[in-house]
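Engineer: The structure under discussion is supplied below as structure tokens; questions concerning it will follow.
The values are calculated or read from the model by the stated rules, or taken from the named source; none is laboratory data. In this text, all values refer to a predicted model and were calculated from it rather than measured experimentally. A quick note on method: Cβ atoms are made from the backbone with ideal geometry, for glycine too, and the neighbour counts reach across all protein chains shown.
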Amino acid sequence: MSRVIYNTATTLNGFLADDENSLSWLFVVPGAEQAESDFSGFLAGMGALVMGSTTYDWIVQHEDLLGHPEKWFYRDLVSFVLSSRILPEVPGADIRFRKGEVDAIWDELSDAAGGRDIWLVGGGDLVGQFADAGHLDEIRVSIAPVTLGSGKPLLPRRLESDRLTLETVRQTGQFAELVYSVRSSG
Ligand SMILES: NC(=O)c1ccc[n+]([C@@H]2O[C@H](COP(=O)([O-])OP(=O)(O)OC[C@H]3O[C@@H](n4cnc5c(N)ncnc54)[C@H](OP(=O)(O)O)[C@@H]3O)[C@@H](O)[C@H]2O)c1
């Protein structure tokens, strides 16, 4: 059975990106390279990933993936992008564009993961939709020493301590990685 894991970097005050979707604050944090290499170990356990369209658009533009499709990082994973719109496709990548309720894509997503875990890339509301549907098992946040006045929220849902258990705490450079297991409601 696949586990569903939200793994992301965040600011100390709970933002994934600033209001313009910029991650410039993230890339300059000391230890970012070490955190990135640890991330390859995490990716090795994943069979599929899910992201929202803002995140996908940002990656496509930032990496110029339409001109350089070989730079799509996640070739070994089946990638699901949730959107109500028609989005540009990265040539040669196994990217499935879907829309609607989590329950409507769940069987296809879990089949695609092939028994390995599922990585929720973000954004926060997308992860909230998985939490609402009872398909969120773990939250791994790497907290950067940064605060932003506003931006895109980490997880705009109310999950209290009866549902979140702190499992591990680890320092990588200037990041604090916290891993929480998530208990379904009800
Ligand atoms: N710090 C990090 O490590 C990190 C990690 C992840 C993301 N990010 C950044 O954080 C920001 C997140 O942006 P965001 O909060 O706007 O979230 P997002 O999840 O990337 O995109 C949200 C959009 O996805 C589509 N969508 C979501 N759920 C859907 C569903 N069930 N069915 C159909 N469409 C659905 C909707 O747009 P449409 O229907 O209009 O397409 C929605 O407006 C991005 O800038 C991203 O680059 C940072």
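Yes/no matrix, rows are residues, columns are (1) assigned to a helix (DSSP H, G or I); (2) in contact with a Lys or Arg (Cβ under 8 Å, 6 or more places away or on another chain); (3) within 13 Å of the ligand (Cβ to nearest atom); (4) among the polar types (S, T, N, Q):
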| residue | (1), (2), (3), (4) |
| --- | --- |
| A93 | no, yes, no, no |
| G115 | no, no, no, no |
| L120 | no, no, yes, no |
| L126 | yes, no, yes, no |
| R140 | no, no, yes, no |
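Engineer: Then there is this: Is there a residue in the range 36-43 that is at pLDDT 95 or above and among the polar types (S, T, N, Q)?
Structural biologist: No, the range 36-43 contains no residue that is at pLDDT 95 or above and among the polar types (S, T, N, Q).
Engineer: Kindly check whether there is at least one residue in the range 81-104 that is buried (at least 17 other Cβ atoms within 10 Å of the Cβ), in contact with a strand residue (DSSP E or B) (Cβ under 9 Å, 6 or more places away or on another chain) and among the hydroxyl-bearing types (S, T, Y).
Structural biologist: The answer is no, given that none of the residues of the range 81-104 is buried (at least 17 other Cβ atoms within 10 Å of the Cβ), in contact with a strand residue (DSSP E or B) (Cβ under 9 Å, 6 or more places away or on another chain) and among the hydroxyl-bearing types (S, T, Y).
Engineer: Right, next: If the requirement is being surrounded by 15 or more Cβ atoms within 10 Å (Cβ to Cβ), over 28 Å from S37 (Cα atoms) and among the aliphatic types (A, V, I, L, M), which of these qualifies: L109, L159?
Structural biologist: The match here is L159.
Engineer: Could you say which residue among L159, L126 is within 16 Å of the chain's Cα centre (by Cα) and of a type outside the set (G, A, S)?
Structural biologist: Criteria check complete, one pass: L126.
Engineer: Still on this structure, please answer the following. Restrict the check to the range 48-60 and report whether at least one residue is charged (D, E, K, R), in contact with a helix residue (DSSP H, G or I) (Cβ under 9 Å, 6 or more places away or on another chain) and either without any contact (Cβ under 8 Å) to a residue 12 or more places away in the chain or within 9 Å of the ligand (Cβ to nearest atom) (or both).
Structural biologist: For the range 48-60, residues charged (D, E, K, R), in contact with a helix residue (DSSP H, G or I) (Cβ under 9 Å, 6 or more places away or on another chain) and either without any contact (Cβ under 8 Å) to a residue 12 or more places away in the chain or within 9 Å of the ligand (Cβ to nearest atom) (or both): absent.
Engineer: Okay, next question. If E108 satisfies every condition in (1) away from the ligand (no atom under 12 Å from the Cβ); (2) assigned to a helix (DSSP H, G or I); (3) in contact with a strand residue (DSSP E or B) (Cβ under 6 Å, 6 or more places away or on another chain) but one, which is the exception?
Structural biologist: All conditions pass for E108, except number (3).
Engineer: Limited to the range 1-47, what total is found for residues that are free of Cβ contacts under 8 Å to residues at least 12 places away in the same chain and in a strand (DSSP E or B)?
Structural biologist: 0
Engineer: Hey, another quick one. So E89 ticks every box in (1) part of a loop (DSSP other than H, G, I, E, B); (2) within 19 Å of the chain's Cα centre (by Cα) but one. Which box is left unticked?
Structural biologist: (2)
Engineer: Next question, about the same structure. Residue by residue through the range 154-186, note down the ones that are part of a strand (DSSP E or B), without any contact (Cβ under 8 Å) to a residue 40 or more places away in the chain and under 15 Å from V4 (Cα atoms).
Structural biologist: Within the range 154-186, just L164 meets the criteria.
Engineer: Now, a different point. Which members of the range 20-62 meet the condition of being under 27 Å from Q171 (Cβ atoms) and of a type in the set (G, A, S)?
Structural biologist: Matches in the range 20-62: S22, S24, G31, A32, A35, S37, S40, G41, A44, G45.
Engineer: Another question, if that's okay. Sort through S53, S37 and tell me the only one that's more than 17 Å from A176 (Cα to Cα) and small (G, A, S).
Structural biologist: Among S53, S37, only S53 is more than 17 Å from A176 (Cα to Cα) and small (G, A, S).
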